[in-house]
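What follows is one structure encoded as structure tokens, with my remarks underneath.
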Ligand code: COA
């Protein structure tokens, strides 16, 4: 697939995906969602990609939301399909990836932009980040997982406040709410994201994939997270990574995963 709306680079096993529609503040149109889905599905199958960083082009926006111009005349059925397709094609897929995904939020992350960042496993914000779920101001609600993931990440009260008021919050408030793990100056954002990615990829990719699944299990209805953990923990013992990790410790050397 030829990518027209994203830039993709792979360096030292870390794939950086840059959403590249700066004139539209990187708003997620259908084509961009398809490209992101395509590149992420491929990355998750590719052993040479050990971590993914998603960011936005320019200094103003990560993603200013779903592209409003594409759905303003949609019917009820089309609205449902838009949301369902978004979940299936991109947002839930990111959440469930085996490869860890870091969102490096470099400015506005609104609506689908914040939902994209929240679908990632970890978030780092630049100081100029301004984020929110403004959909109620457009007569709609967040439809790419925002009502669920914001409550999971920041708590129900804060999610209620942000969604009902449609307000934007700054990076310091997002840090205080737990929406981001870290805030850094804009010029240090990619370095901070790469530093974290490098730390993550020193560890076993098998164990990372299982840890992501287990943490997510707690947020999956009908799944007993602790029982899921017991099984996943046991499964680790049958793997090469477990043998390598434990042997390396006992032999006082670095594990080679
Ligand atoms: N969908 C489609 N186009 C968008 C967009 C979106 N979500 N967000 C920004 N754009 C476009 C603007 O229409 C404008 O395009 P134009 O130059 O062709 O008119 C361009 O990006 C620049 O945006 P602009 O509004 O002029 O920048 P600003 O600095 O004045 O305001 C924002 C920045 C982020 C406050 C403002 O763009 C905004 O409110 N965007 C929509 C946010 C939103 O509601 N997102 C949720 C969607 S469900």
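Quick notes on this structure:
- Enumeration of residues in the range 123-145 that are buried (at least 23 other Cβ atoms within 10 Å of the Cβ) and in contact with a strand residue (DSSP E or B) (Cβ under 8 Å, 6 or more places away or on another chain): 123, 124, 125, 126, 129, 131, 132, 133, 144
- Among the residues making up the range 17-28, those that are farther than 13 Å from residue 116 by Cβ, in contact with a helix residue (DSSP H, G or I) (Cβ under 9 Å, 6 or more places away or on another chain) and more than 8 Å from the ligand (Cβ to nearest atom) are 20, 21.
- Residue in the range 137-153 that is farthest from residue 90 (Cα to Cα), counting only those that are within 10 Å of the ligand (Cβ to nearest atom), more than 14 Å from the chain's Cα centre (by Cα) and not in a loop (DSSP other than H, G, I, E, B): 137
- Those residues of the range 186-230 which are in a loop (DSSP other than H, G, I, E, B) and closer than 28 Å to residue 155 by Cβ, in sequence order: 218, 219, 220, 221, 222, 223, 224
- The listed residues are 35, 77, 9, and the only one of them that is at pLDDT 95 or above, more than 26 Å from residue 200 (Cβ to Cβ) and either away from the ligand (no atom under 16 Å from the Cβ) or surrounded by 17 or more Cβ atoms within 10 Å (Cβ to Cβ) (or both) turns out to be 77.
- Taken together, the residues in the range 87-120 that are over 15 Å from residue 150 (Cβ atoms), in contact with a strand residue (DSSP E or B) (Cβ under 8 Å, 6 or more places away or on another chain) and either at pLDDT below 95 or away from the ligand (no atom under 15 Å from the Cβ) (or both) amount to 7.
- Options 198, 210, 194; residue that is away from the ligand (no atom under 16 Å from the Cβ) and surrounded by fewer than 17 Cβ atoms within 10 Å (Cβ to Cβ): 198
- Residues within the range 12-27 that are loosely packed, with under 14 Cβ neighbours inside 10 Å and in a strand (DSSP E or B), tallied: 0
- Boolean, residue 174 is touching a residue at least 12 places away in the same chain (Cβ under 8 Å), assigned to a helix (DSSP H, G or I) and more than 13 Å from the ligand (Cβ to nearest atom): yes
- Taking (1) assigned to a loop (DSSP other than H, G, I, E, B); (2) out of contact with any helix residue (DSSP H, G or I) (no Cβ under 9 Å at 6 or more places or on another chain); (3) more than 16 Å from the ligand (Cβ to nearest atom) in turn, residue 43 satisfies each apart from (1).
- Of all the listed residues (242, 233), the sole one being in a helix (DSSP H, G or I), over 30 Å from residue 147 (Cα atoms), at pLDDT 95 or above and within 26 Å of the chain's Cα centre (by Cα) is 233.
- Some residue of the range 46-67 being closer than 24 Å to residue 14 by Cα, without any contact (Cβ under 8 Å) to a residue 24 or more places away in the chain and away from the ligand (no atom under 12 Å from the Cβ): yes
The values are calculated or read from the model by the stated rules, or taken from the named source; none is laboratory data. From a predicted model like this one, the values you see are computed outputs, not experimental measurements. Neighbour counts run over all protein chains shown; Cβ positions are idealised from the backbone, glycine included.
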